[in-house]
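The values are calculated or read from the model by the stated rules, or taken from the named source; none is laboratory data. Just so we're clear, the structure is a prediction, and the values are computed from it rather than from any experiment. Cβ: placed from backbone, ideal geometry, glycine included. Neighbour counts: every protein chain shown. For the accessible areas, the whole protein counts, side chains as well, though only heavy atoms, and no ligand, DNA or RNA atoms are used. Shrake-Rupley method; radii C 1.70, N 1.55, O 1.52, S 1.80 Å.
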Amino acid sequence: MQVGIPEVTSAHFAGSVLLLVVNRKVYVYDYEANSWNASTGVEHPVSHISGDNCCYSGNSFCMDISNSVFAYLRGDQISQANIYFSNTRGYRFQKYSQERQAELVGSLGGIFYFYSLSQVGLLLVDQRKAMFGYSDHPLNRSFGLPFDYNGTLDILIAPGQKGILIFWFEKSLLISRNAGQLVNPVHVREGQHILYSSISEANITIHSVAANENELAVLTQENNLYYGSLGILSSSLIKFADQNIWSEEAVLMFTDVGMLEILSPLPDSTSPAFDFQKCPVNIQAILMDPQLQVDVCKVELLQGEFENKMYTIDMNSELELTALMIPRPSTSPVPLVMVSNPHSLGLQAVIYEDGYTYDGNTKHRLNISLRQQQHWGRADPNFTSSIKRPTISTITLDIANKEISCLDLKPLTALISVGCDLEKKIVIQNEISACYNGILDPVALQDNYSYVIEREAYDPSFRGQKATEDLEVPYHYEKLGCPILVYYDTPWKPVVELWREGKFQEVVKAEYVLLEVNGLFTYTYSLTADMALCSSQPQNWTTIAKTAGDKGPFAWDRENYVSCHDPNNNAPLRWPKVPYQILGGPTENKVVFDQRNGIYIFFISIVDPYYSYCHLETTFSVYVYGAFPLPIFPPEITIVLLTGATLLSVWLAYLIPELLHTERGLRVKGFWARLRRRCGKSCACVWARC
């Protein structure tokens, strides 16, 4: 762990650890456990670490954000840059490569994961100009607009996952509200007038920058403090009164809304530890100074129950949010709703008057409807992201023309996960069970019940080959309940229900697949590939198993399913007579059982990628009845023997009477007559002796 003379070039907090780049290597300091570790997997020198932290505490998504970091060498040629990614808070890294990276021109200025866009962004720097390139559709088809890159810019990601980036060095301060797609300079104002359109025009030298979700503060070497808000449309700074607050090692930090601290380390000759001199700044109190010419906030109240919460929108779902705004009398504030990822999340907002307060102010109610952008029908397909891929977005409600004095009027922000709704599950309808009809006893099923599968009916490897021995299967009544009753000679398919939070939602019409969990193969399907009108070769459990790897036999799901009705599926239809193993969807395919009675335990998986982002899976049991035992001999042989015996009987019935009228027949007839008389005499003697 010894590094000689240490040079720290980057530091980043990831959850409960502090990551440091020291002498081009990454080290991890867990300040809760007070332990140091060297990161593994970084094979080349790096200079910087980038990542993000989540302000929506208490959910797994925020853990993923805190755990994910990049390490890279700033200034490397982007086509040959060595980039490393870690999802373990920096303990272990792996090589990261982005599609088309080898084709990009310029040096690497930074790499970031923009959760607000579900994109990885590369900052490309070339001849005092910079722009962002992105990893996924639709942003990967072009670059962000170029902006001036004068000097080496430090990049600060504002908290809140809204895609706000702050670029700065001594003579420049830029801001982007959409993850680098558009980058604009920050203005310097006095009252309502813009004094300077940029920091460079103001001829000031930036020493330190701090930001929270809604505020921005700048400390300059000229011993001045500037303050501004990260407005939803534009950002500007105002200069506070001159104070003696600057020092070479001073830094800024927001401790709360409207509360700023200027920290300066104080060395101790007797200890390697540092104390800090804290200079608290009450922004609200300073803004009351009439010399700053700050207008009074036009809004008294902006309130919504969705503030700082996380919601999920699954496929084909909607979300309704409401907010309340109360403006000051005789003012006209403009509420504005924005999403950070319009490529996947669309919105519609309606505002209306909703009564009055006790002092006569008008209350305005805002209703916000959210759904996937693809389902609004208003966006070009080249603008929307892939609907199959889960994404993240934030939604923010703010006042477009809000004054800088509206410190307590924070924007209302919520995190929207366009992905799996974990409250959803599927249930198989069981209206007629084997227990209801008395075929099976529920008490017996709960008493360590087991059943035997014949060796010729199952294959433990799921390949349709006969096993070498019978299989005894324990029945788990707690999980499966009573089996569904199905007559063997009637094509059948399960009725699949969607439930959410214990409430029935709908009958699932999407495509799904079944597989008997013990390898029973005594069933097939009513449709073949050509009968299902497939335009390409359909998938089946055998083809899925070949590509499943370590996932096992039950690997067929929404992520690897490809419909044979998809016009983009180029697999030729070579075997049109193979069974079509997908149920539901546009076909009337059903399961056809062989002539065998017994219990089947099925695994079911919804494979339609456009129904839900969840892996909707479950297991259920079926009892097949009504099948007669299979004959010992093949039915063809039995039919031949019966037909032959019948014909022989008819022939003998005709032939015997005819033969009795011939000479030979008379002799035979006389022989049987004499034999009967002798038998009669013998029987009489026996009776006489008795």
Tell me, please, whether a residue that is among the charged types (D, E, K, R), open to solvent by less than 20 Å² (accessible area, probe 1.4 Å) and within 25 Å of residue 524 (Cα to Cα) can be found in region 440-457. no
Can residue 285 be described as among the aliphatic types (A, V, I, L, M), outside any loop (DSSP other than H, G, I, E, B) and free of Cβ contacts under 8 Å to residues at least 12 places away in the same chain? yes
Residues of region 223-248 being surrounded by fewer than 14 Cβ atoms within 10 Å (Cβ to Cβ) and over 17 Å from residue 286 (Cα atoms), which ones? 233, 248
Which strands (runs of 3 or more DSSP E) sit wholly inside region 296-411 and have at least 1 residues that are in contact with a Pro (Cβ under 9 Å, 6 or more places away or on another chain), open to solvent by 20 Å² or more (accessible area, probe 1.4 Å) and touching a residue at least 12 places away in the same chain (Cβ under 8 Å)? 299-304, 345-356, 362-372
Can you pull out the residues in region 31-50 that are open to solvent by 20 Å² or more (accessible area, probe 1.4 Å), under 21 Å from residue 94 (Cβ atoms) and not in a loop (DSSP other than H, G, I, E, B)? 37, 38, 40, 48
Exactly one condition in (1) open to solvent by 70 Å² or more (accessible area, probe 1.4 Å); (2) in contact (Cβ under 8 Å) with a residue 40 or more places away in the chain; (3) assigned to a strand (DSSP E or B) is false for residue 498; which is it? (1)
Filter region 528-571 down to the residues that are at positive phi and in a loop (DSSP other than H, G, I, E, B), then identify the one that is modelled with the lowest pLDDT. 552
Identify all residues within region 98-135 that are open to solvent by less than 20 Å² (accessible area, probe 1.4 Å), assigned to a strand (DSSP E or B) and polar (S, T, N, Q); write none if there are none. 119
Confirm whether residue 264 is in contact (Cβ under 8 Å) with a residue 40 or more places away in the chain and either in a strand (DSSP E or B) or within 19 Å of residue 188 (Cβ to Cβ) (or both). no
Restricting attention to region 221-261, which residues are free of Cβ contacts under 8 Å to residues at least 12 places away in the same chain and either touching a His at 6+ places or on another chain (Cβ under 9 Å) or of a type in the set (Lys, Arg) (or both)? 248
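Restricting attention to region 506-538, and to residues there that are small (Gly, Ala, Ser) and over 24 Å from residue 469 (Cα atoms), which single residue is farthest from the chain's Cα centre (by Cα)?
So the residue we want is 526.
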Among the listed residues 460, 491, identify the single one that is at pLDDT 95 or above, of a type outside the set (Phe, Trp, Tyr) and open to solvent by 50 Å² or more (accessible area, probe 1.4 Å). 491
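Each row is one residue, and each column tells you yes or no for (1) open to solvent by less than 50 Å² (accessible area, probe 1.4 Å); (2) on the phi < 0 side of the Ramachandran plot; (3) of a type in the set (D, E, K, R).
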site	(1), (2), (3)
577	no, yes, yes
580	yes, yes, no
591	yes, yes, no
608	yes, yes, yes
616	yes, yes, no
624	yes, yes, no
637	no, yes, no
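Tally the residues that are of a type in the set (Asp, Glu) and either crowded, with 22+ Cβ neighbours inside 10 Å or in a loop (DSSP other than H, G, I, E, B) (or both), restricting the search to region 136-188.
Of the residues in that region, 2 qualify.
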Got a number for residues in region 516-554 being aliphatic (A, V, I, L, M), surrounded by 19 or more Cβ atoms within 10 Å (Cβ to Cβ) and closer than 22 Å to residue 624 by Cβ? 2
Out of region 241-276, which residues are touching a helix residue (DSSP H, G or I) at 6+ places or on another chain (Cβ under 8 Å) and at pLDDT below 90? 241
Taking region 450-468 and keeping residues part of a loop (DSSP other than H, G, I, E, B) and under 18 Å from residue 516 (Cβ atoms) leaves 454, 459, 460, 461, 462, 463, 464, 465, 466, 467
Looking at region 210-222, which of its residues are assigned to a strand (DSSP E or B) and open to solvent by 20 Å² or more (accessible area, probe 1.4 Å)? 211
Find all pairs meeting these conditions: Cβ atoms under 6 angstrom apart; at least six residues apart or on different chains; first residue within region 155-173 and free of Cβ contacts under 8 Å to residues at least 12 places away in the same chain; second residue assigned to a loop (DSSP other than H, G, I, E, B). none
Identify, from the list 472, 478, the residue that is open to solvent by 90 Å² or more (accessible area, probe 1.4 Å), farther than 26 Å from residue 608 by Cβ and assigned to a strand (DSSP E or B). 472
